[in-house]
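What follows is a set of notes on a single structure, which appears directly below.
All of the numbers you see were taken from the coordinates with simple rules; none came from a lab. Quick caveat: nothing in here was measured; it's all calculated off a predicted structure. Glycine also receives a Cβ, built like all others from the backbone with ideal geometry; neighbour counts cover every protein chain displayed.
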Amino acid sequence: MPARSRPFRQCLAIVAVSLVILATACSAPNKLLVLEWSGYEAEDFWTDFKTANPEAAVTFEIGSSDADVLGKMEQGSQADIFHFYTGWQQFYVDAGLVKEIDTSKLTNWDKVPESFKALGRVDGKQYYLPWDWGFTSILYNTDHVPEVTSWDILFDDTYAEHISMWDDGPGAVTVSSYIHGWDEEAITDAQLAQAEQEWKDQKALNLHYWTDEYADLCPEVKSGDIWVAYAWQGCYADALYDGSQPIAYATPVEGRNSWVGLYGISSKTANYDLALEFLDMKLATLTCSNAVTLFYYGCANQEVMDAIEDPVLIEAFGIDDPSIIESTNFTPPVTDAQRTAWTEMWGRVKAE
Amino acid sequence: MTAGMRGVRRDAIGVGHTRLPLGLIYAAMLAFLYLPIVLLAVFSFNANTSLSFPLRGFTLDWYGQVLDDPALLAAARNSLVVATVAATAATALGFAVSVAVLRFRFAGRRLLLALAAAPLVVPFVVLGVALFLLFNIFGVPRSLLTVALGHSIVALPYASLILLSRIVGLDPALEDAAMDLGASYPTTLRRVLLPLVGPSLLAAWLTSFIVSFDEVALANFLAGGDPTFPVFLYGQLRFAGRLPVLIAMAVLLMTGTIILTLIANRLRTRSQ
Amino acid sequence: MLGRRGSLRFLAVPPFAWLIVLFVAPLLLAILISFRAERGPIDFGSLLQASTVQYEKIVGTPSWLRLLATSAGMALLVAALATLFAFPIAYFLAFRARDRAPIFLILLLVPAATSFLLRVMAWKVLLGGSGAINSFLIWIGVIQDPIGLLLYSQAAVVITLIYVWIPFAALPIYAALQRVDRSHLEAAADLGAGPWSRFWRVTVALSLPGVLATLFMVFIPTVGEYVTPFLVGGTDGFMYGLLIQDFFSRAGNWPLGSALAVIMLLVTVALVAVALRVVDLRRAVA
């Protein structure tokens with residue numbers, strides 16, 4: 001046999017053995033596979049569960065967007081638990097991918113405000129557990145931008161090359177719907193065409209579109225290269241802590257947007273009780289506070305939110321100003337057809 | 001008419017005799033390649049969590065934290081294992097393809113060549129999704145192994161092209177001579193061809209290793225619960241304070257890779 | 001004792017099998033997916049209900065087709081320049097470094113093993129609007145406003161790609177140059193060739209397989225490149241590969257993404273086929 005294939009055959013043998021070991025390992029009883037977003041696999045975000053179940057083996061698969069998470073779950077991901085954001089609740093229920101949550105077994109459930117619980121309900125049944133949440137609004141540098149009253153500042157050519165919009169079609173359509181007063185759940189073809197043209201004209205005003213908050217947006221906000229941005233409050237808190245640029249977070253007249261992260265248990269899971277405990281422990285004090293202090297995102301445990309004393313975080317979440325929440329628009333559910341139309345629209349905007 | 005008669009100096013005919021400062025060109029290229037690395041190394045000792053000037057002070061804290069972070073070390077180890085397996089597979093297969101295509105005539109010869117180069121045309125994400133679906137159909141659990149398999153495919157064209165370029169320039173008469181002396185073909189390959197293509201094998205292996213090591217699109221779809229280093233890195237970037245630790249790890253990995261490949265090269269030349 | 005003929009099986013079968021299972025099969029699957037009308041779970045019964053909706057969409061969107069042409073053009077530029085700049089590096093490795101070439105080669109390639117993302121972050125510190133280079137140039141008075149060209153532009157994408165490719169581009173050329181040796185050049189000199197002529201007609205000619213391999217190796221994947229335009233392209237440096245990536249990962253629209261990829265595949269293969277014809281033609285004429 002040629003010399004080259006002898007080590008090759010050995011490799012093949014090792015590979016076959018590893019496959020067998022891996023296959024058996026995957027069906028052990030105290031293992032959980034979580035389909036998570038990049039960064040959330042850090043132990044800080046499930047530390048209470050880890051303390052309560054030190055022998056449990058939790059591993060993570062990464063999903064890169066809500067569409068990606070749905071796609072993987074639809075195509076047979078082995079995940080026991082998955083994490084996604086508001087607007088997508090109906091899809092998992094319709095596809096039979098999610099199992100109801102038995103809230104009687106959750107020890108932290110009573111600390112969750114009713115409005116958050118409601119977001120996790122579909123057809124009257126509690127399918128999802130709310131966890132992280134935040135605002136979307138306009139972040140701006142007060143040295144260069146005196147005041148922001150409306151979302152349409154993103155289209156203001158006074159700030160050309162210092163604007164940054166999030167690289168997301170549905171996000172762009174949402175902004176257009178706020179500015180023009182359209183019904184987000186019933187965007188017509190004519191309205192979509194108008195939005196498309198406006199965003200094509202807006203493209204040149206951006207320094208670039210941003211995709212990842214901490215890698216893309218925050219450094220350039222702090223260095224003063226970006227003066228106006230569609231942003232979540234994470235970079236706001238980050239900039240306040242950093243202090244090198246004077247940054248403010250607007251409350252536009254059309255209202256801010258708010259999003260909530262939800263966890264669901266796969267209908268195919270073999271470890272329902274363990275998964276339920278994992279979800280419960282997500283709301284535990286330390287885990288929840290870590291989301292607040294490490295990512296600057298809100299957490300659904302109201303006690304944790306009430307206990308915040310850091311002035312930067314109080315400012316970032318607008319805790320002292322109840323009028324903010326009153327004018328906030330929550331992300332509504334959107335149909336598959338609409339979402340496809342909006343993402344294709346964005347593909348045309350980017351290619352122009 | 002001989003060169004002597006035309007006044008051409010014999011010693012001026014050589015390979016590599018040009019007036020171009022080749023060494024300088026190489027050094028300049030190296031400088032450009034290492035500039036961001038040097039910058040990263042500088043920041044890895046900088047007492048600041050953001051990448052900016054002015055520098056704030058020397059510290060070894062970040063390197064200390066690397067050793068304290070089991071998840072980081074595990075991700076680095078995962079990538080090293082995956083890249084080694086993928087590179088070895090791709091190089092071995094690339095060598096097999098090159099020899100088969102250049103030294104034999106058989107039906108399907110051109111097809112093999114085209115197939116070996118074809119993964120270049122397909123975007124990683126397409127291959128990732130398709131392999132993901134395929135593994136699902138056949139119930140193959142996703143793991144570092146499936147990532148390595150995917151990587152071996154995308155690295156194969158690079159290994160093949162490098163080895164093809166080398167072997168096309170080797171005279172088959174050398175191999176024929178060895179066989180005339182009684183060697184079997186496998187022995188001929190091992191003792192005549194392999195030593196001659198040594199540096200190209202190294203180049204092919206290293207290229208395949210690099211293609212695998214920093215690859216994210218396939219890893220996102222084909223990995224099970226264990227992250228590779230670039231996937232892990234991307235996740236950690238969300239933590240403002242972790243950046244220098246990640247940079248320290250990247251610098252360590254690069255230094256380690258240089259040392260290991262220099263050692264491997266030493267062993268290779270020793271055994272010749 | 002295994003003879004020559006018998007060895008062919010062991011050389012040709014493993015790569016064929018590997019490629020068929022891990023490449024051809026998934027590729028066929030991707031092509032089937034491109035004929036679906038909507039995104040959604042793929043069950044294998046419905047795979048056979050073909051629809052050309054995605055292809056019609058693409059053909060009806062001129063900006064996407066123009067993007068493909070632009071991306072191919074950028075890829076050609078990158079391939080040509082990377083090959084050109086790589087040639088002296090390969091020459092150095094083959095003829096100056098010679099036996100110590102592997103070490104120089106390792107030094108050249110290893111930076112590429114460091115995370116591309118981190119390297120680009122480091123470059124952004126240098127090239128960005130408030131980065132070191134612009135700050136320095138403004139400080140010494142050469143410019144008033146920061147140069148936007150260095151980052152978030154088409155030029156930034158092309159320059160970055162050339163920079164990334166040069167070490168790899170040098171490899172097939174280096175591999176090919178190894179068959180040039182003194183006797184070839186002496187023979188040419190004996191026939192009356194001067195130094196430039198010897199270089200062109202011996203060295204370059206013998207390196208041609210490597211040069212061609214490099215051109216293809218760089219051009220083909222660069223058409224579908226997405227990481228570099230993603231990191232440094234901004235709104236102007238958008239490339240077709242990023243469009244595909246967006247539809248797969250951000251929109252979860254696998255049918256449209258696959259259809260875009262199939263079209264890119266067909267165009268690239270067509271371009272390569274044409275190029276091979278041209279090359280063969282030249283060889284026939286020369």
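Cross-link reach is defined here as a Cα-Cα straight distance under 14 Å, omitting same-chain residues fewer than 8 places apart; for A:LYS200 the aspartates and glutamates meeting it are A:ASP156, A:ASP157, A:ASP167, A:ASP168, A:GLU344, A:GLU352, C:ASP236. Mean residue ellipticity at 222 nm, helices only, chain A: -12000 deg cm²/dmol; runs of at least 4 DSSP H residues each add -39,500 (n - 2.57), and the sum is divided by the number of residues. For the segment B:27-40, counting C-beta atoms of other chains within 10 Å of every residue's C-beta and taking the mean gives 6.
Do any chymotrypsin sites (Phe, Trp or Tyr not before Pro) in the stretch B:125-225 lie in a DSSP loop with no more than 13 other beta carbon atoms within 10 Å, and if so, which? Let's see the in-between values first.
On the way: sites: B:PHE132, B:PHE135, B:PHE138, B:TYR158, B:TRP205, B:PHE209, B:PHE213, B:PHE221; in loops: B:PHE138.
Here the chymotrypsin sites (Phe, Trp or Tyr not before Pro) that fit, given the DSSP loop and packing criteria, are B:PHE138.
Here the Karplus curve 6.51 cos²θ - 1.76 cosθ + 1.60, taken at θ = phi - 60°, turns the phi angles of the stretch C:25-39 into couplings of 4, x, 5, 4, 4, 4, 5, 4, 4, 5, 9, 9, 7, 9, 6 Hz, with x standing for Gly and Pro.
All distinct Cα pairs of chain C go into the 1/r average, and the inverse of that average, the Kirkwood radius, is 22.5 Å.
Using a 10 Å cut-off around each Cβ of peptide B:226-238, what is the average number of partner chain Cβ atoms that fall inside?
Working: counts 3, 6, 0, 1, 4, 4, 5, 5, 8, 9, 5, 10, 13.
Other-chain Cβ atoms within 10 Å of each residue's Cβ, averaged: 6.
Between amide H atoms placed 1.01 Å from N, distances below 5 Å from A:TRP166 occur with A:TRP210, A:TYR230, all of them 5 or more places distant or on a separate chain. Structural size metrics of the stretch A:107-227, computed from C-alpha coordinates, are Rg and Dmax of 17.8, 52 Å. Here the 3J(HN,Hα) profile of the stretch B:159-171, calculated from phi with Karplus coefficients 6.51, -1.76 and 1.60 at θ = phi - 60°, is 4, 4, 4, 5, 5, 4, 4, 7, 5, 4, x, 9, 6 Hz, Gly and Pro shown as x.
Counting Lys and Arg as +1 and Asp and Glu as -1 over every other residue whose Cβ lies under 12 Å from the Cβ of C:ASN253, the net charge comes to 0.
Between A:ALA186 and A:ASP157, what FRET efficiency follows from the Cβ-Cβ distance if R0 is 22 Å, with the result rounded to 0.05? The partial results should precede the final answer.
Details: r = 30 Å, r/R0 = 1.38.
After rounding to 0.05, the efficiency reads 0.10.
Antiparallel versus total DSSP beta bridges in chain A: what percent is that, nearest 5? The antiparallel proportion sits near 65 percent.
For A:ASN206, nonlocal amide neighbours, meaning residues 5 or more places apart or on other chains whose placed amide H falls under 5 Å from its own, are A:GLU161. Of the chymotrypsin sites (Phe, Trp or Tyr not before Pro) found in the stretch C:62-135, not one falls in a DSSP loop while having at most 13 other beta-carbon atoms within 10 Å. Provide the per-residue ³J(HN,Hα) series for the stretch B:183-190, in order, calculated from phi with Karplus coefficients 6.51, -1.76, 1.60 and θ = phi - 60°, each as a whole number of Hz, with x at glycine and proline positions. Going residue by residue, I get 7, 6, 5, x, 5, 4, 4, 6 Hz, with x marking Gly and Pro.
Excluding C:ALA156 itself, what net charge comes from residues whose Cβ is under 12 Å from its Cβ, given Lys and Arg +1 and Asp and Glu -1?
Every neighbour counted, the sum reads 0.
What is the Rg over Rh value, at two decimals, for the protein assembly as shown, using alpha-carbon atoms and the Kirkwood definition of Rh? Rg/Rh: 0.98. With only Cα atoms counted, chain A has Rg and Dmax values of 22.4, 79 Å. Of all lysines in the structure, the ones whose alpha carbon falls short of 25 Å from that of A:LYS203, not counting any fewer than 8 places away in one chain, are A:LYS222, A:LYS350, C:LYS57, C:LYS124. If I build a Gaussian network model for chain C, linking alpha-carbon pairs within less than 10 angstrom, which residue out of C:VAL24, C:VAL158, C:VAL125 has the largest mean-square fluctuation? Looking only at C:VAL24, C:VAL158, C:VAL125, the largest GNM fluctuation is found for C:VAL24. Counting Lys +1, Arg +1, Asp -1, Glu -1, what net charge surrounds B:ALA203 among other residues with beta carbon under 13 Å of its beta carbon? For residues surrounding B:ALA203, the net value is +2.
Mean per-residue shielding of peptide A:66-73 is 6, counting Cβ atoms of other chains within 10 Å of each Cβ. In vacuum, with every alpha carbon of the stretch B:19-59 counted as one equal point scatterer, what does the Debye formula give for log10 I(q)/I(0) at q = 0.16, 0.18, 0.28, 0.33 Å⁻¹? Two decimals, please. These q points yield log10 I(q)/I(0) values of -0.52, -0.58, -0.88, -1.05. When the listed pairs A:LYS111/A:LYS282; A:LYS50/A:LYS282; A:LYS50/A:LYS111 are checked against a 19 Å cut-off, the alpha-carbon distance exceeds it for A:LYS50/A:LYS111.
Amide H contacts for A:SER38 (H built 1.01 Å from N in the peptide plane; partners 5 or more residues away or on another chain; cut-off under 5 Å): A:GLY63.
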